[in-house]
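Report on the structure given below.
Just so you know, all these numbers are worked out from the coordinates, no wet-lab data involved. Since the model is a prediction, treat every value here as computed from it, not as a measurement. Virtual Cβ from ideal backbone geometry, glycine too; neighbours counted across all protein chains shown.
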Amino acid sequence: MATYDPNKKYTWTPNDQFTLSGSEFGLILNSLRATISTPEAARILLANEANQAIENALAKAVEADIVKEVVDQPEQANL
C-alpha cells in the first residue's frame, strides 16, 4: 500500500471519486463562502467579468476584421 507524501506530485483521472465527510464538506464550503464574500474577492470577481467582456469585444473585432493580428517580422542579420 502506498503512503501519501505531501512533497510528491500526484495525479488522478476525471472519473476518480473522492469521499468527504460532512465535516470536511462543511469546512470547505464555509471556507469558500467566507473567501468569496470579502470585498477583495468581490473586486476580483468583478474584474474577471470585465476581462471576459473585453475579451469578447476583442474577439468580435478580430472576427469583423477591425483588429488585425501582429505578425512578427524575422530579424535580418546586419551584414
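Remarks
- Choice from E24, E69, E55 showing the highest fluctuation, given a GNM over the chain with Cα pairs closer than 10 Å: E69
- Residue of N30, N51, N15 that the Gaussian network model of the chain assigns the largest fluctuation, springs spanning Cα pairs under 10 Å: N15
- Calculated [222 nm] ellipticity per residue, helices only, for the chain: -17500 deg cm²/dmol; basis is -39500 (n - 2.57) per DSSP H run with n ≥ 4, divided by all residues, nearest 500.
- In order along the range 2-17, phi translates into HN-Hα couplings of 6, 10, 5, 10, x, 8, 9, 8, 10, 9, 7, 8, x, 8, 5, 10 Hz, rounded to whole numbers, per the Karplus curve 6.51 cos²θ - 1.76 cosθ + 1.60 with θ = phi - 60° and x for Gly and Pro.
- Karplus-derived 3J(HN,Hα) values for the range 40-52, using 6.51 cos²θ - 1.76 cosθ + 1.60 with θ = phi - 60°, are 4, 5, 4, 5, 5, 5, 5, 5, 5, 4, 5, 4, 4 Hz; glycine and proline are entered as x.
- Scanning residues 5 or more positions from V67 or on other chains, those with amide H under 5 Å from its amide H are V62, with H placed 1.01 Å from N in the peptide plane.
- Model label points for V67 and I44, set 7 angstrom from Cα along the Cα-to-Cβ axis, are 2.5 nm apart.
- Magnitude of the charge dipole for the chain, about its Cα centre and with charges confined to Cβ atoms of Lys, Arg (+1) and Asp, Glu (-1), is about 360 debye.
- Shape of the chain, Cα gyration tensor, a/c cut at 1.5: oblate
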